[in-house]
Amino acid sequence: DLYDGGVAYADSTVGEIVDLLESLGIYEETLFVITADHGEILGDDGHTLGHPADASYDDLLRVPLILSGPGV
């Protein structure tokens, strides 16, 4: 539930930014770059959750990079 809440909050915040840019008339001229500093392990292996400092799972190391904007 905490993870879902965090995702919902981030989604809502990005939505507020998009709404503001649209109201200013500059949305179509804006390049969005969204990424993260690390991923989250969600227990797919049956026991590991979060982002342990000593772990090197792909779930932690391969984070999304989203680019959106004119010409992209």
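The values are calculated or read from the model by the stated rules, or taken from the named source; none is laboratory data. From a predicted model like this one, the values you see are computed outputs, not experimental measurements. Positions of Cβ are backbone-derived with ideal geometry, glycine not excepted, and every protein chain shown enters the neighbour counts. Remember, those area values only see protein heavy atoms, side chains included, never the ligands or the DNA or RNA. Shrake-Rupley method; radii C 1.70, N 1.55, O 1.52, S 1.80 Å.
Overview of values
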{"quantity": "Whichever residue in segment 26-42 is more than 19 Å from the chain's Cα centre (by Cα) and not aliphatic (A, V, I, L, M) and, among such residues, is least open to solvent (accessible area, probe 1.4 Å)", "calculated": "TYR27"}
{"quantity": "Residues being loosely packed, with under 10 Cβ neighbours inside 10 Å and within 24 Å of ASP1 (Cα to Cα) - total across segment 44-61", "calculated": "4"}
{"quantity": "Within segment 22-72, tally of residues that are touching a residue at least 12 places away in the same chain (Cβ under 8 Å), among the small types (Gly, Ala, Ser) and not in a loop (DSSP other than H, G, I, E, B)", "calculated": "1"}
